[in-house]
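Engineer: One structure, pasted below without further comment.
The values are calculated or read from the model by the stated rules, or taken from the named source; none is laboratory data. The model shown is predicted, which means the values in this text are computed figures rather than measured ones. Every residue, glycine among them, receives a Cβ derived from its backbone with ideal geometry; neighbour counts consider all protein chains shown.
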Amino acid sequence: MHNLKIESVLSMLKRIGDIILIQLSSSDSNIYLIGDTAIDSGTGFNFTRLRDILRILKRDLKDFRQVILTHAHFDHIGGHGFFLEAKASVHMDDAGVLERGDSEAAIADFFDGSLKARKPDILLKGGEKIKAGNMELEVIHTPGHTPGSICLYDAKSATLFSGDIIFANSVGRTDTPGGDANAFAASMEKLRKLKIERLLPGHGDPVLSGAKKVLEAKLEETEYM
Ligand SMILES: [Zn+2]
């Protein structure tokens, strides 16, 4: 790779301590790498970019043991096949979308994509603790954006991987298939009880300190108080 290419590839990559954040394009979900764990997989449209990034990191797609999917929307799960040897985990209430390759429920059309069917390896219920690098990620079931949306929480570092529930400057939508505003409000209440220092959302920039304050301020503007 010549320098220009390396530069553009590096712009898609952020290091957050031991966590690597990859942003392949504006359509792709954020992909987080922690040790041999990936959280979300993007659309699957930008395989070569991901491969180039991993090459710079001296990592191989085959090295990943698990990919945890925060919910079954195409921009998060379309790339599940990238991680060749990884077991795919998804909440049981979103698992059928992946298993059937249900492009409609995965809003794949919105991204001009079509979802490949895959039987998930691990069905999550909520409450599980998943080891990922030095983190222990608690699965928190936070329905509302989709029925099986989850957040992943590392209590030790007060880090919340929030999927499409909360972003740095907004909250997730509930008007797509399977969305439920009441369930979403209840999920927000669940998250409010957590100590959150770092917020690592499914899209856009992370919040790297004092994330709870940012969230509280945002929540005060919304109906979710
Ligand atoms: Zn989504």
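Condition check ((1) touching a Lys or Arg at 6+ places or on another chain (Cβ under 7 Å); (2) among the hydrophobic types (A, V, I, L, M, F, W, C)) across all residues:
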{"site": "K193", "(1), (2)": "no, no"}
{"site": "I196", "(1), (2)": "yes, yes"}
{"site": "L199", "(1), (2)": "no, yes"}
{"site": "H203", "(1), (2)": "no, no"}
{"site": "V207", "(1), (2)": "yes, yes"}
{"site": "K213", "(1), (2)": "no, no"}
{"site": "E220", "(1), (2)": "no, no"}
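Engineer: Here is a list: S170, S187. Which entry is within 16 Å of the ligand (Cβ to nearest atom), of a type in the set (S, T, Y) and under 19 Å from I39 (Cβ atoms)?
Structural biologist: Criteria check complete, one pass: S187.
Engineer: D40 - would you say it is within 16 Å of the ligand (Cβ to nearest atom) and modelled with pLDDT of 95 or more?
Structural biologist: The answer is yes for D40.
Engineer: A217 is checked against (1) among the aliphatic types (A, V, I, L, M); (2) in contact (Cβ under 8 Å) with a residue 40 or more places away in the chain; (3) not in a strand (DSSP E or B) and fails just one. What number does that condition carry?
Structural biologist: In the conditions (1) among the aliphatic types (A, V, I, L, M); (2) in contact (Cβ under 8 Å) with a residue 40 or more places away in the chain; (3) not in a strand (DSSP E or B), A217 misses (2) alone.
Engineer: For K116, work out the one condition from (1) touching a strand residue (DSSP E or B) at 6+ places or on another chain (Cβ under 9 Å); (2) more than 16 Å from the ligand (Cβ to nearest atom); (3) over 17 Å from F161 (Cβ atoms); (4) not aliphatic (A, V, I, L, M) it doesn't fulfil.
Structural biologist: (1)
Engineer: Residues of region 73-90 being in a helix (DSSP H, G or I) and buried (at least 24 other Cβ atoms within 10 Å of the Cβ), which ones? Explain how you work it out, then say what you get.
Structural biologist: Quick first cut of region 73-90, residues in a helix (DSSP H, G or I) only: 74-77, 80-82.
Across region 73-90, the qualifying residues are F74, D75, H76, I77.
Engineer: Just to verify a result, which residue in region 15-49, among those that are of a type in the set (D, E, K, R) and surrounded by fewer than 23 Cβ atoms within 10 Å (Cβ to Cβ), is farthest from D112 (Cα to Cα)?
Structural biologist: Filtering first and then ranking leaves D18.
Engineer: Here's something else I'd like to know. What single numbered condition from (1) crowded, with 16+ Cβ neighbours inside 10 Å; (2) touching a strand residue (DSSP E or B) at 6+ places or on another chain (Cβ under 7 Å); (3) without any contact (Cβ under 8 Å) to a residue 60 or more places away in the chain fails to hold for R65?
Structural biologist: R65 satisfies all of (1) crowded, with 16+ Cβ neighbours inside 10 Å; (2) touching a strand residue (DSSP E or B) at 6+ places or on another chain (Cβ under 7 Å); (3) without any contact (Cβ under 8 Å) to a residue 60 or more places away in the chain except (1).
Engineer: As an exercise: evaluate Y32 against (1) in a loop (DSSP other than H, G, I, E, B); (2) closer than 25 Å to A132 by Cα and give the number of the one condition it does not meet.
Structural biologist: Checking Y32 against (1) in a loop (DSSP other than H, G, I, E, B); (2) closer than 25 Å to A132 by Cα, the one that fails is (1).
Engineer: Which of the numbered conditions does A38 fail, given that it passes all the others? Conditions: (1) in contact with a Pro (Cβ under 9 Å, 6 or more places away or on another chain); (2) closer than 30 Å to G178 by Cα; (3) not in a loop (DSSP other than H, G, I, E, B).
Structural biologist: That leaves (1) as the condition not met.
Engineer: As an exercise: evaluate T48 against (1) within 14 Å of the ligand (Cβ to nearest atom); (2) without any contact (Cβ under 8 Å) to a residue 12 or more places away in the chain; (3) among the polar types (S, T, N, Q) and give the number of the one condition it does not meet.
Structural biologist: Among (1) within 14 Å of the ligand (Cβ to nearest atom); (2) without any contact (Cβ under 8 Å) to a residue 12 or more places away in the chain; (3) among the polar types (S, T, N, Q), T48 violates only (1).
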